[in-house]
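Q: Okay, here's the structure, questions in a sec.
Throughout, read-outs are computed from the coordinates displayed, never taken from laboratory work. Worth saying up front: this structure is predicted, and the values here are computed from it rather than measured. All Cβ positions, glycine included, derive from the backbone under ideal geometry; neighbour counts span all protein chains shown.
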Amino acid sequence: MPFTALGLSADLVQVVAEEGYTEPTPVQAAAIPLVLAGRDVLAAAQTGTGKTAAFVLPILDRLRSHANTSFSPARHPVRVLILVPTRELAMQVDESVKTYGRTVPLRATVVFGGIPIEPQTKALRAGVEILVATPGRLLDHVGQKGVNLGQVEILVLDEADRMLDMGFLPDIQRIIALLPPRRQNLMFSATFSDDIRRLSGTILRNPATVEVAPRNATVDTIRQLVYPVDRDRKEALLAHLIAQNGWRQVLVFTRTKIGATRLATYLDRRGLEAVAIHSDRTQPERTRALEGFKAGTVRVLVATDVAARGLDIEDLPHVVNFELPWEPQDYIHRIGRTGRAGATGDAVSLVSIDEADLLRGVQRLLKKAIPWTVEAGFVPDRNAEPEPLRGPSTGRPGRTHHYAHRSPGRPRSGSGSR
Ligand code: AMP
């Protein structure tokens with residue numbers, strides 16, 4: 001299906017062509033006509049599916065009639081509010097609005113925490129039609145009377161599941177209370193959990209539902225591989241794999257911020273330029289790390305799941321799960337960083353004996369066993385007793401595992417061994 005079939009204006013079709021998009025992604029094909037028709041939409045789509053353009057393009061068309069060149073701020077009220085969970089995603093969505101909207105004279109700005117508030121206040125005072133915001137900083141602006149949301153016509157909740165995970169529900173509710181009751185609502189979420197359905201029930205009006213297959217669950221351009229390894233040899237194995245295979249641009253996931261920092265320091269000391277990116281870092285630090293990574297001066301970016309959400313790094317060749325995530329779904333998010341847009345990618349998981357249950361959960365979700373291989377020199381100690389896993393937030397020991405005499409994740413067929 002060509003972009004021209006979706007009902008977008010000719011100039012926007014031209015813009016996407018200039019961006020090199022030859023045809024709409026599934027979420028774009030499904031959502032764009034619905035948004036143009038003024039429907040509320042609940043869409044299951046994660047980063048990498050083209051979801052940003054799926055809401056930004058039709059919003060630009062719907063708002064076009066309000067475009068004006070007046071200097072009066074009153075002529076530029078906030079008409080579209082796009083709420084996102086993280087600063088990185090906020091910057092990216094803002095960039096997309098500016099890219100896709102380059103032919104439409106509407107004003108857009110972005111507000112998020114971690115940087116001084118005054119320049120944002122100034123931009124808001126001048127008047128903007130499209131506002132991209134993280135919930136906390138937006139409420140700061142509301143508190144300072146720096147922004148009025150009384151004329152919002154379209155609300156977008158992007159990565160709504162992640163906003164709930166991050167505890168933004170009360171903030172979202174406070175923000176929604178400030179909006180006019182009659183408006184169009186669009187909600188994007190990687191998954192449709194019960195919480196998401198409940199939230200959509202309170203916000204959306206007779207929504208059309210758009211569900212596209214989690215692209216990475218079916219994409220076979222991603223080569224997945226598990227390395228069983230002892231927990232205390234993971235750092236050494238990772239350094240070995242990066243150096244040995246000459247990997248550049250490796251995104252590594254850890255479960256904790258402190259783990260990310262430690263690992264980045266370890267790799268960096270061994271001459272593999274590495275930076276940790278997580279929410280304790282200041283915004284300029286995070287931006288610098290990401291830019292270095294994109295430019296190739298930083299070889300390894302170590303991130304937690306939360307920090308990695310919304311990082312738009314195209315054609316990333318290597319993703320490493322230094323630790324498996326607590327939630328199997330996060331494995332899919334993580335490996336979705338690679339193999340995008342037809343490029344091939346590697347997703348490698350370093351799995352210690354205490355993670356056998358987590359690996360099983362991932363394989364259940366994928367409905368297949370991931371091939372595994374043991375790296376020479378890193379053969380796991382078969383007599384190792386697994387340490388009890390510690391849960392994500394409670395800090396209490398999780399279930400005890402009894403797989404001491406089996407390699408984790410060994411598929412029944414034993415494929416992939418060498
Ligand atoms: P998103 O899921 O919005 O984060 O988008 C992921 C990436 O896909 C971005 O780098 C977009 O530039 C790109 N993209 C969006 N729509 C298309 C399309 N129709 N064809 C090719 N690439 C696209």
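Q: Please give the charge dipole size of the chain, origin at the Cα centre, charges +1 on K and R Cβ atoms and -1 on D and E Cβ atoms. Round to the nearest 20 debye.
A: Its charge dipole is roughly 360 debye.
Q: Assuming 0.36 nm per residue, please report the length gained on full extension of the stretch E375 to A126 beyond their Cα-Cα distance.
A: Contour length minus the Cα-Cα distance gives 83.7 nm.
Q: Same structure again: Setting aside same-chain residues fewer than 8 positions from K122, which lysines have a Cα under 27 Å from its Cα?
A: K98, K145
Q: Dipole of the chain (Lys/Arg Cβ +1, Asp/Glu Cβ -1, origin at the Cα centre): which of A177, H333, A108 lies farthest to the positive side?
A: Highest projection toward the positive end goes to A177.
Q: Same structure again: Note down the net charge around A17, summing +1 for each Lys or Arg and -1 for each Asp or Glu among other residues with Cβ under 11 Å from its Cβ.
A: Net charge in that neighbourhood comes out at -4.
Q: Also, quick follow-up: Give the peptides 108-115, 6-13 in descending order of average Cβ contacts within 10 Å, highest first.
A: 108-115, 6-13
Q: Still on this model: How much mean residue ellipticity at 222 nm does the chain get from its helices, if each DSSP H run of length 4 or more adds -39500 (n - 2.57) and you divide by all residues, to the nearest 500 deg cm²/dmol?
A: -10500 deg cm²/dmol
Q: Considering only the other residues whose Cβ falls under 15 Å of the Cβ of A5, what net charge follows from Lys and Arg at +1 and Asp and Glu at -1?
A: -2
Q: State, to one decimal in nm², a quarter of the convex hull surface area for the C-alpha atoms of the chain, i.e. the direction-averaged projected area.
A: About 20.8 nm², averaged over all directions.
Q: Now for a separate question. May I ask you to evaluate 6.51 cos²θ - 1.76 cosθ + 1.60, the Karplus curve with θ = phi - 60°, for each residue of segment 151-159 and list the ³J(HN,Hα) values in order in whole Hz, giving x for glycine and proline?
A: Values per residue, Gly and Pro as x: 10, 5, 9, 9, 10, 10, 10, 9, 6 Hz.
Q: Of D357, D94, how do they rank once you tally other Cβ atoms within 10 Å and put the fewest first?
A: Lowest to highest Cβ neighbour count: D357, D94.
Q: Please give the length that would be gained between Q14 and R182 if that part of the chain were fully extended, namely 0.36 nm times their separation in residues minus their C-alpha to C-alpha distance (nm, one decimal).
A: Taking Q14 through R182 to full extension adds about 57.3 nm, to one decimal.
Q: Using Cβ counts within 10 Å as a stand-in for footprinting exposure, how do Y331, Y100 rank, fewest first?
A: Y100, Y331
Q: Using the C-alpha atoms of segment 1-110, what convex hull volume per residue, in cubic angstrom, is computed?
A: Expressed per residue, the convex hull around the Cα atoms of segment 1-110 is 110 Å³.
Q: Roughly how many debye, to the nearest 20, is the charge dipole of segment 47-196 about its Cα centre, given +1 on each Lys and Arg Cβ, -1 on each Asp and Glu Cβ, and no other charges?
A: Dipole about the Cα centre, nearest 20: 740 debye.
Q: Treat each spin label as a single point 7 Å out from the Cα along the C-beta direction, and report the F192 to S65 distance in nm.
A: Placing both labels 7 Å beyond Cα along the Cβ direction yields 3.2 nm.
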